[in-house]
Amino acid sequence: MPLPKDTTLEFSLTARKSAGLEKSILQFLAAARPGAQGGIVTTEFKTRSRWSCYTRRPAQTRKLVKLFAQNPIRGVTAAVRRLDAGDWRDRWLHYFRPMRFGRDFMILPDWQKKIPSAAKRCRILRLDPAGAFGSGAHETTRLMMRMLDLFKGRARSFLDVGTGSGILAVAAALQGAREVWGVDLDPVSVRAARRNLRLNGIRHGKILCADISRLPVRKKFNLVAANFISADLIAHQEKIAALTAFGGYLAVSGISRRNAPDFLKRFHPAGLRLKKRFPGRSWAGFLYFKG
């Protein structure tokens, strides 16, 4: 039976904060939703985190419940909720707090009109995630922003692979990138990213809904960002490297620190060499140079 208009089903996994559990959860969701590059929303609580994905197809939710019952993760609980219009926005507003992002930005939800006093010396980055990954709170996103800060005003063209909410594409454009692209397999993420570009007055951005392995783009970019789990980064490494221009840079994140040594052994696309490491508390990012 089809869902009423503007109604969505949320499948969520909740666990205590742990890089090991987070890696297992993201791997489960990626395997259960083949090829997914975005659309996984992380909600941070004091001691626990929740990872959620959204669909309007009840059959897909039943499949996720069945798969998790067959492959349970110790310490992780699963839940399904029905969200009516506005529920996601109301929940995000409840948990979201304005936050610094990188050197220059303060992230504000698009519906918050009052500018906090702490934002007076920052550039405002307006955001409505609308069910897409990337609120700026997650460590992997913040590691990517640290890498983007190195190229402020110098990245002529920028590509965000697995763009999610489009937060990195927005930041790159506001930092001066003249050409900004994003790609994601998830239609929810694509719509969110396009909206967030508009919210920030960016008219030169282009967001595509496509599988990275079959991306119909022959362009090469001065700076490419790819923030998703290490297994997918390794699987698509040659394609991602091919999108990086000679003399350009590739920034990757989404690698747990525990898994970083194995990732570095297996991620070595032709023409790229490791330039700098960005260790975080639980996650790591790496910057590569093509030349």
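None of the figures in this text is laboratory data; all of them are computed from the coordinates on show. These figures come from a predicted structure and were not determined experimentally. Virtual Cβ from ideal backbone geometry, glycine too; neighbours counted across all protein chains shown.
What to note about this one:
- The residue list F228, A118, A210 was ranked by how far each Cα lies along the charge dipole of the chain toward its positive end, using unit charges on Cβ atoms, and A118 comes out on top.
- Phi angles of the stretch 174-182 translate, via the Karplus equation with coefficients 6.51, -1.76, 1.60 and θ = phi - 60°, into HN-Hα couplings of 5, 7, x, 4, 7, 9, 10, 10, x Hz per residue; Gly and Pro are given as x.
- For the chain, a crude dipole built from +1 on the beta carbon of Lys and Arg and -1 on the beta carbon of Asp and Glu, taken about the Cα centre, is about 580 debye to the nearest 20.
- Projected over all directions and averaged, the alpha-carbon convex hull of the stretch 139-187 occupies 3.2 nm².
- Rounded to the nearest whole Hz, the Karplus-based 3J(HN,Hα) values (6.51 cos²θ - 1.76 cosθ + 1.60, θ = phi - 60°) of the stretch 243-251 follow the sequence 7, 8, 5, 4, x, x, 10, 10, 10, with x at glycine and proline.
- For the stretch 165-239, Kirkwood radius (reciprocal of mean inverse C-alpha pair distance, Å): 13.0
- Options F151, N196, A79, ranked by Cα towards positive dipole end of the chain, top entry (Cβ charges): F151
- Kirkwood hydrodynamic radius of the chain, from inverse mean 1/r over distinct Cα pairs, in Å: 19.3
- In order along the stretch 61-67, the phi-based Karplus estimate (6.51 cos²θ - 1.76 cosθ + 1.60, θ = phi - 60°) of 3J(HN,Hα) comes to 5, 4, 5, 5, 4, 5, 5 Hz; Gly and Pro are listed as x.
- Converting the Cα gyration tensor eigenvalues of the stretch 180-291 into ellipsoid dimensions via √(5λ) gives semi-axes, longest first, of 24, 17, 14 Å.
- Over the residues of the chain, the helix contribution to mean residue ellipticity at 222 nm works out to -8500 deg cm²/dmol, using -39500 (n - 2.57) for each DSSP H run of at least 4.
- Alpha-carbon centroids, the stretch 248-280 and the stretch 139-174: separation in whole Å: 17
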